[in-house]
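Here the structure is laid out as structure tokens; the discussion comes afterwards.
The values are calculated or read from the model by the stated rules, or taken from the named source; none is laboratory data. Everything numeric here is computed off the predicted structure, so don't read it as measured data. In this analysis, Cβ positions are derived from the backbone assuming ideal geometry, glycine residues included, and neighbour counts consider all displayed protein chains.
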Amino acid sequence: MTVLPLNYVQPVYRPPSEADSLILPVTNGCSWNKCTFCEMYTAPQKRFRPRDEAEVLESLRRCGETFGDSVKRIFLADGDAMTLSTRRLVAILDAIRRELPGVRRVSSYCLPRNLRRKSVEELSELKDLGLSLVYVGAESGDDEVLARVEKGETFETEREALEKLRAAGIKRSVMILNGLGGRALSRQHALNSAALMNAAQPEFLATLVVSFPMGEERLRANFPEWEPLGILGLMQEMELFLSALELKRTVFRSDHASNWLVLKGTLGADKARLLADLRAAIAAPEAAPLRPAWARGL
């Protein structure tokens with residue numbers, strides 16, 4: 001039996017596009033962990049802490065012995081690798097280059113707040129050492145929605161973080177949560193989220209549907225009037241969001257397991273086609289190729 005040279009604290013999360021990546025834990029949990037819509041890091045064992053630097057470097061040494069140059073991609077876990085100091089991230093990236101010379105891409109999740117203390121020059125240094133992609137959970141571009149779900153961000157703080165990453169040459173994959181504003185704030189959530197994306201022009205954009213497998217109690221503590229959107233309402237919000245997007249060249253995906261209707265394309269080249277597919281589904285949902293509830297994996 002092969003013993004993995006990594007110590008994981010379960011559960012472990014990573015973006016769908018990192019399915020073939022080596023997941024390297026450099027932190028445990030999330031340093032913010034107050035978002036009332038998020039259930040990823042609420043388990044007691046996921047309490048936030050940076051991994052010991054020596055532990056991470058030793059893990060990389062052992063990975064090098066085990067995998068050699070066969071590893072092509074690495075994802076820095078858990079939810080908050082960019083909270084580490086630039087010095088520590090540099091040490092980790094240096095070790096990846098030394099121990100795993102086959103790696104061609106390093107990526108991580110990134111909270112906008114964790115870039116406030118990092119300069120463009122520091123981020124450029126990380127880019128030069130291999131950090132080429134970060135996943136930014138913006139969730140919404142609407143200040144009221146962000147406040148209600150205790151995101152700890154605003155339109156402007158998210159825009160500033162995305163601009164810093166762009167200036168450093170690090171690609172950005174941004175996530176927006178369809179339905180996060182509920183019925184009451186759906187319109188402003190859609191329009192202001194589109195405005196944020198128009199300002200940022202991210203390389204990648206994904207939408208997921210907000211869901212609460214463990215219940216809505218945490219969300220309702222600060223958002224008592226929140227009401228979920230039905231399938232039709234979610235598609236109507238998405239239609240408003242897509243209509244307002246003015247993106248030049250962004251890879252768009254709405255194909256996460258949470259999405260009822262799968263949409264894929266490049267914006268803006270495929271905007272008209274995506275809107276046509278969405279409007280057809282809104283006009284005749286009974287005939288639309290919707291994902292069955294059992295297949296949503298929630």
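Please determine, by comparing only the residues of region 21-48 that are touching a Ser or Thr at 6+ places or on another chain (Cβ under 7 Å) and either free of Cβ contacts under 8 Å to residues at least 40 places away in the same chain or in a loop (DSSP other than H, G, I, E, B) (or both), which one is farthest from Arg113 (Cα to Cα).
The qualifying residue farthest from Arg113 (Cα to Cα) is Phe48.
Report, by residue number, each residue of region 118-143 that is part of a strand (DSSP E or B) and not small (Gly, Ala, Ser).
Those that are part of a strand (DSSP E or B) and not small (Gly, Ala, Ser): Leu131, Leu133, Val134, Tyr135, Val136, Glu139.
Under 6 Å between Cβ atoms, at least 6 apart or on separate chains: pull out the pairs that start in region 2-20 with a residue that is at pLDDT 90 or above and assigned to a helix (DSSP H, G or I) and end on any residue that is of a type outside the set (Asp, Glu) and surrounded by 16 or more Cβ atoms within 10 Å (Cβ to Cβ).
Within 6 Å, the pairs are Glu18/Phe75.
Check Ile176 against each of (1) surrounded by fewer than 17 Cβ atoms within 10 Å (Cβ to Cβ); (2) closer than 17 Å to Ala138 by Cα; (3) among the aliphatic types (A, V, I, L, M) and name the one condition it does not meet.
It is condition (1) that Ile176 fails.
Does Leu146 fit the bill of being among the hydrophobic types (A, V, I, L, M, F, W, C), under 23 Å from Glu246 (Cβ atoms), touching a Ser or Thr at 6+ places or on another chain (Cβ under 7 Å) and not in a loop (DSSP other than H, G, I, E, B)?
So Leu146 passes the test.
Which residue pairs have Cβ atoms under 7 Å apart, sit 6 or more places apart or on different chains, and have a first residue in region 247-262 that is assigned to a strand (DSSP E or B) and a second that is among the polar types (S, T, N, Q) and surrounded by 19 or more Cβ atoms within 10 Å (Cβ to Cβ)?
As it stands, the answer is Ser254/Thr207, since those pairs meet every condition given.
Looking at region 180-202, which of the residues that are under 16 Å from the mean Cα position of the chain (by Cα) and among the small types (Gly, Ala, Ser) is surrounded by the fewest Cβ atoms within 10 Å (Cβ to Cβ)?
By that ranking, first place goes to Ala200.
Pick from Val120, Val149, Val136: which is in contact (Cβ under 8 Å) with a residue 12 or more places away in the chain, buried (at least 20 other Cβ atoms within 10 Å of the Cβ), within 30 Å of Ala95 (Cα to Cα) and of a type in the set (Val, Ile, Thr)?
The conditions single out Val136.
Looking at (1) closer than 20 Å to Leu290 by Cβ; (2) at pLDDT below 95, which is the only condition Gln236 fails?
(2)
Tell me the residue from Ser243, Ser258, Ser254 that is out of contact with any strand residue (DSSP E or B) (no Cβ under 8 Å at 6 or more places or on another chain) and either among the small types (Gly, Ala, Ser) or farther than 14 Å from Leu185 by Cβ (or both), please.
When all the criteria are applied, what remains is Ser243.
Among the residues of region 203-222, are any over 23 Å from Cys30 (Cα atoms), touching a strand residue (DSSP E or B) at 6+ places or on another chain (Cβ under 6 Å) and surrounded by fewer than 24 Cβ atoms within 10 Å (Cβ to Cβ)?
yes
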